Amino acid sequence: MFVRAPRIAACLTAAVSLIALQGAPALAFDPSGNEVADTFLTLLDSEEGTVESYGAVDTSGDTITISDIVITNESHEDSRVTIASTVLTDGAVQNNGRLKLSSLALQDLELEADDGGMSLASLSVTGLLLPSAEEMASDTPPVGPGYSTFEASTIHIRDEDGKVADIAQISSSIDSMDGDLPTSGRFAVTGAVIDVTQLEAEETKPLRDLGYETLSLDLSGSATWDPEAATLDVPDLRIDAKEAASLSLSLLLGDVTRDVVAQLNNNTDKPEEAMALLQNVTVAKATIRLEDSSLTGRILDHEAGKAGVERPQFVAGLTGALPLMLGILQNEDLQRQVASAVTQFLTAPGSLELTAAPAGPVPLSQVMGTAMLAPQMIPQILSVGIAANQ
């Protein structure tokens, strides 16, 4: 979907998405005479970001190749984006000024700034529809699917002191549509490696205390919206931290109508109105699952060391205090279930799964109202259950 993002100097993803820069009526570059290429370059040219130069525009059949694009920033002289090769395939400028491409491919993109930068080896997008420069410059840019598939590979992110993170690949796709609205899609971030030692000391001290110098992450998720049944199914939204833990979420929502989705798209920058639209959306079921891969053991060992005791003694103290701490639930059956599951998990960390399976769909307005007025009732209205090491 078209998103109005920050300017080039402030946002690395502006360079990745290529649709984040605001259009300006005055062009800084010399037009090439190729309508598709010039329309694309105009979109890259913003009120502060400027297409300073490009090498050549070559045409072969339906393929246009632009070499050596250079984008600078007027307010940040040290900010600069270079793109070695940009390939536009089967391009057409529509009557409304939008640019339609069957595919866009970039090679060797580099963003440099005084506070760091980013590089990526390649980026490819298929089924791309870019807004006109006028639409991007407006206060209400168009909302709608802008692509079919997106893939970026070999990404390096750095700050002024050096490398912060590497990402092997980012991919996403819109798999099906209902008119102008996507009904299913997926995304994945694979091979993300964060250098803990390069981040702010205060933010990363807990990780360093647990023995982490780098953190390797994979993220993935998918969703399917059925406009006829008005359901939104998120089967598996997952964050997997290697040698730490993985966290997954599955969710089924009801009363997600076309009207709700359309209005949410139109209120992306108005959170209060968006929350009001969600009042009648219902929760049918939900599951949160934590699978340990050493993180829990590291935390227990660290805290036990601070307390000056052995880990089994520390765990016994924690589990022994559970009945008193769980009294706030005011539900004896659930208290016993939670105490049993948490004790099993802390004694032998494996997995911990929390489920919500109400007898009937529960409106989010009821969940939020209960959370404010009587939070101890949340487990009852959602029929919450918990299990360990299963």
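Some notes on this structure:
- When the range 64-91 is filtered for residues that are open to solvent by 50 Å² or more (accessible area, probe 1.4 Å), outside any loop (DSSP other than H, G, I, E, B) and of a type outside the set (Lys, Arg), only Asp68 remains.
- Subset of the range 69-89 (residues that are farther than 16 Å from Leu43 by Cα and at pLDDT below 95): Glu74, Ser75, His76, Glu77, Asp78, Ser79, Arg80
- With a requirement of 1 or more residues that are out of contact with any strand residue (DSSP E or B) (no Cβ under 7 Å at 6 or more places or on another chain) and of a type outside the set (Gly, Ala, Ser), the strands (runs of 3 or more DSSP E) lying completely within the range 93-178 that satisfy it span 162-178.
- Verdict on Gln313 being open to solvent by 60 Å² or more (accessible area, probe 1.4 Å) and closer than 16 Å to Ala388 by Cα: no
- Test result for Asp195, farther than 30 Å from Asp78 by Cβ and either of a type in the set (D, E, K, R) or in contact (Cβ under 8 Å) with a residue 24 or more places away in the chain (or both): no
- Within the range 357-390, being under 16 Å from Leu329 (Cα atoms) and assigned to a helix (DSSP H, G or I) holds for Val367, Thr370, Ala371, Met372, Leu373, Pro375, Gln376, Met377, Ile378, Pro379, Gln380, Ile381.
- Residues satisfying the stated conditions in the range 323-338, i.e. assigned to a helix (DSSP H, G or I) and surrounded by fewer than 17 Cβ atoms within 10 Å (Cβ to Cβ): Pro323, Leu324, Met325, Gly327, Ile328, Glu332, Asp333, Arg336
- Among the residues here, Gly297 does not qualify as open to solvent by 40 Å² or more (accessible area, probe 1.4 Å), without any contact (Cβ under 8 Å) to a residue 60 or more places away in the chain, part of a helix (DSSP H, G or I) and among the small types (Gly, Ala, Ser).
- The range 273-292: number of residues that are farther than 27 Å from Gln380 by Cβ and open to solvent by less than 60 Å² (accessible area, probe 1.4 Å): 2
- Tally of residues being in a loop (DSSP other than H, G, I, E, B), touching a residue at least 40 places away in the same chain (Cβ under 8 Å) and over 18 Å from the mean Cα position of the chain (by Cα) across the range 217-270: 5
- Residues in the range 173-212 that are small (Gly, Ala, Ser) and closer than 22 Å to Lys242 by Cα were compared, and the one that is surrounded by the fewest Cβ atoms within 10 Å (Cβ to Cβ) is Ala201.
- Among the residues making up the range 33-47, those that are part of a loop (DSSP other than H, G, I, E, B) and either modelled with pLDDT of 90 or more or open to solvent by less than 50 Å² (accessible area, probe 1.4 Å) (or both) are Asn34, Asp45, Ser46.
The values are calculated or read from the model by the stated rules, or taken from the named source; none is laboratory data. All of these numbers come straight from a predicted model, not from anything done at the bench. Glycine gets a Cβ as well: all are built from the backbone with ideal geometry, and neighbour counts include every protein chain shown. These area figures cover heavy atoms from the full protein model, side chains too; ligands, DNA and RNA do not enter into them. Shrake-Rupley method; radii C 1.70, N 1.55, O 1.52, S 1.80 Å.
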